[in-house]
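Novice: Got a structure for you, written out below as structure tokens; questions coming shortly.
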Protein chains: 2
Amino acid sequence: MNRQQIIEQIRKKGTFLCVGLDTDIKKIPEHLLTEEDPMFAFNKAIIDATAPYCVAYKPNTAFYESRGTEGWQTLERTVNYLRTNYPDHFIIADAKRGDIGNTSSLYARAFFENMGVDAITVAPYMGFDSVKPFMDYEGKWVILLALTSNPGSRDFQFLTDMTGTRLFEHVLETAQKWGTTENLMFVVGATQGAMFAEVRRVAPRSFLLVPGVGAQGGSLEEVAKWGMTPECGLLVNSSRGIIYASSGTDFADAAAAEARKLRDHMTILLSTYGVI
Amino acid sequence: MNRQQIIEQIRKKGTFLCVGLDTDIKKIPEHLLTEEDPMFAFNKAIIDATAPYCVAYKPNTAFYESRGTEGWQTLERTVNYLRTNYPDHFIIADAKRGDIGNTSSLYARAFFENMGVDAITVAPYMGFDSVKPFMDYEGKWVILLALTSNPGSRDFQFLTDMTGTRLFEHVLETAQKWGTTENLMFVVGATQGAMFAEVRRVAPRSFLLVPGVGAQGGSLEEVAKWGMTPECGLLVNSSRGIIYASSGTDFADAAAAEARKLRDHMTILLSTYGVI
């Protein structure tokens with residue numbers, strides 16, 4: 001999916017919501033455990049219920065890997081289900097990969113060729129040759145960690161050099177020399193609040209993937225206020241707040257209701273800031 | 001495996017070699033392709049041939065993930081084979097993972113509980129809570145990226161703050177507050193040459209996992225000269241130079257010969273620097 005298609009979907013549906021498929025076997029409704037592949041049954045129901053209210057899905061690979069080979073099968077099955085039934089939704093593998101050049105190429109092959117996702121999250125620590133192989137795929141995206149939503153983001157990301165530039169700003173600046181606004185997004189946590197303004201100074205047009213709204217405490221209002229561009233430029237992720245809205249048999253309806261609420265709020269914000 | 005056991009193995013066998021199982025289906029000998037699981041057949045033969053000359057094995061997960069579910073099966077099978085037949089060898093999952101706290105816990109579960117490796121490589125960018133969950137397992141190790149072997153290591157790892165401290169030094173210093181020399185190692189690339197002296201200033205006793213000898217151009221002599229401690233403190237990895245020493249039916253013998261050569265060299269270095 002290219003940039004223009006993402007923007008069109010956002011405008012058409014009045015939402016920039018990404019639903020995080022952080023599917024934990026220990027948290028899904030009990031009645032699904034008798035299914036052949038309970039995690040897939042859960043994902044399928046969540047997807048069918050929330051698709052009208054979001055433009056993207058983001059399975060986090062950790063949840064699938066923690067189930068070994070079976071989990072990988074579930075992940076492949078989920079991506080395949082999305083690809084087939086919801087071709088207009090953007091699919092992000094939240095994998096936070098990154099290795100030396102020839103090895104990153106293999107991760108790119110795993111996620112872009114075999115699994116067929118649109119985007120993958122990548123960690124920047126190893127620099128250019130660890131990121132570039134993911135950019136060699138037409139129509140695919142790298143989503144590079146810049147400023148993350150967790151407490152540990154304070155440990156290294158704010159390290160300041162002699163010129164007053166912080167590490168996350170270096171990452172934003174440097175990576176834009178490797179990629180373009182057509183194949184490179186950044187992760188900026190919703191918990192970073194006013195830092196969004198600083199991010200926008202360095203990356204005014206880039207799409208940002210924003211985790212941390214909801215369970216982690218970030219505010220959607222604030223993210224839109226500081227981070228939204230005339231083309232929206234945001235994909236705001238919510239995982240737990242949507243997918244675990246209920247642990248009963250009504251889990252899919254409850255997820256839809258939460259996603260709809262966010263969509264409604266997002267439509268207002270898109271309108272307020274002149275995107276639609 | 002604990003620190004003392006690793007040191008004992010190194011002294012007993014006169015080697016600090018780690019064999020990297022970067023098993024690429026496109027590079028393994030043709031005659032193996034008729035096997036039910038060609039990558040496992042390759043790994044098994046390489047392991048049996050090289051076990052006397054090394055103390056550790058390091059499968060890089062990218063090579064297995066690039067084969068999807070099948071590849072994960074091969075990885076699990078390989079770790080299982082090692083665990084069962086070579087219980088004194090240290091097993092490193094070279095996965096370069098790292099995510100927010102609750103998600104890193106799932107990666108830890110995947111690799112430590114389910115797969116049963118001894119150690120996992122972790123990327124430091126997300127800080128404390130992304131690393132700590134891997135340290136909560138008794139007898140298991142985090143191997144944190146500090147100074148990597150690839151050209152991209154120059155992009156961010158050498159960023160210098162107001163006090164003259166570089167990012168990789170911050171990582172070394174900060175992470176030692178989270179873990180100990182009993183559960184935390186660092187990745188320092190062999191290509192970094194004299195930088196080893198700087199690493200040793202900040203982390204005098206930590207074990208270092210050293211990739212980049214051989215194909216990537218690092219020198220074993222130099223690594224030992226600057227990096228070796230009275231307890232060795234080094235695990236030097238070689239992947240391609242060993243496992244692809246021959247592409248014929250003699251691949252395992254050729255791998256053994258390369259591993260033996262490195263072992264012989266390592267024995268001399270261990271003796272020169274008074275470890276044995």
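Novice: Output the residues belonging to segment A:223-270 that are touching a residue at least 60 places away in the same chain (Cβ under 8 Å) and more than 25 Å from A:Thr23 (Cα to Cα).
Specialist: A:Glu231, A:Cys232, A:Thr267, A:Leu270
Novice: Please specify each residue of segment B:89-122 satisfying the condition of being aliphatic (A, V, I, L, M), in contact with a strand residue (DSSP E or B) (Cβ under 7 Å, 6 or more places away or on another chain) and farther than 18 Å from B:Phe63 by Cβ.
Specialist: The one that is aliphatic (A, V, I, L, M), in contact with a strand residue (DSSP E or B) (Cβ under 7 Å, 6 or more places away or on another chain) and farther than 18 Å from B:Phe63 by Cβ: B:Val122.
Novice: When segment A:170-194 is examined, which residues are found to be in contact with an Asp or Glu (Cβ under 7 Å, 6 or more places away or on another chain) and under 19 Å from A:Val223 (Cβ atoms)?
Specialist: A:Gly193
Novice: Another question about this same structure. Return the residues of segment A:1-29 that are touching a residue at least 24 places away in the same chain (Cβ under 8 Å), over 20 Å from A:Arg205 (Cα atoms) and surrounded by fewer than 16 Cβ atoms within 10 Å (Cβ to Cβ); say none if nothing qualifies.
Specialist: Result: A:Lys27, single match.
Novice: Check B:Gly139, B:Gly164, B:Gly152, B:Gly189 and return the single one that is of a type outside the set (Asp, Glu) and either within 26 Å of B:Ser105 (Cα to Cα) or away from chain A (no Cβ under 12 Å) (or both).
Specialist: After applying the criteria, what remains is B:Gly139.
Novice: On to the next question. Among the residues of segment B:101-136 satisfying the criterion of being farther than 23 Å from B:Glu173 by Cβ and within 16 Å of the chain's Cα centre (by Cα), which is nearest to the other protein chains (Cβ to nearest Cβ)?
Specialist: B:Phe111
Novice: Considering every residue within segment B:65-75, establish whether at least one is under 16 Å from the mean Cα position of the chain (by Cα) and at pLDDT 95 or above.
Specialist: yes
Novice: For A:Ile28, indicate whether it is closer than 22 Å to A:Asp88 by Cβ, modelled with pLDDT of 95 or more and not hydroxyl-bearing (Ser, Thr, Tyr).
Specialist: no
Novice: Are any of the residues in segment B:242-253 modelled with pLDDT under 95, part of a helix (DSSP H, G or I) and either surrounded by fewer than 16 Cβ atoms within 10 Å (Cβ to Cβ) or in contact with a Lys or Arg (Cβ under 6 Å, 6 or more places away or on another chain) (or both)?
Specialist: No, segment B:242-253 has no match at all.
Novice: With B:Asp94, B:Asp99, B:Asp129 as the choices, which residue is closer than 20 Å to A:Gly20 by Cβ and in contact with a Pro (Cβ under 8 Å, 6 or more places away or on another chain)?
Specialist: Checking each option against the conditions leaves just B:Asp129.
Novice: So, one more: For segment A:192-207, state whether one or more residues are closer than 30 Å to B:Glu169 by Cβ, within 14 Å of chain B (Cβ to nearest Cβ) and in contact with a helix residue (DSSP H, G or I) (Cβ under 7 Å, 6 or more places away or on another chain).
Specialist: Within segment A:192-207 (the criterion being closer than 30 Å to B:Glu169 by Cβ, within 14 Å of chain B (Cβ to nearest Cβ) and in contact with a helix residue (DSSP H, G or I) (Cβ under 7 Å, 6 or more places away or on another chain)), the answer is no, since none of the residues qualifies.
Novice: Here is a further query. Condition first: surrounded by fewer than 16 Cβ atoms within 10 Å (Cβ to Cβ) and modelled with pLDDT under 95. Can you find one or more residues in segment B:204-214 that meet it?
Specialist: Checking segment B:204-214: not a single residue is surrounded by fewer than 16 Cβ atoms within 10 Å (Cβ to Cβ) and modelled with pLDDT under 95.
Novice: What number of residues within segment B:215-241 satisfy the criterion of being surrounded by 24 or more Cβ atoms within 10 Å (Cβ to Cβ) and more than 14 Å from B:Met266 (Cα to Cα)?
Specialist: Residues in segment B:215-241 being surrounded by 24 or more Cβ atoms within 10 Å (Cβ to Cβ) and more than 14 Å from B:Met266 (Cα to Cα): 1 in total.
Novice: Moving on to the next point. Can you report the number of residues in segment B:42-100 which are within 11 Å of chain A (Cβ to nearest Cβ) and either polar (S, T, N, Q) or over 30 Å from B:Asp129 (Cα atoms) (or both)?
Specialist: Here the count works out to 9.
The values are calculated or read from the model by the stated rules, or taken from the named source; none is laboratory data. Quantities reported herein were computed from a predicted structural model and do not represent experimental measurements. Glycine gets a Cβ as well: all are built from the backbone with ideal geometry, and neighbour counts include every protein chain shown.
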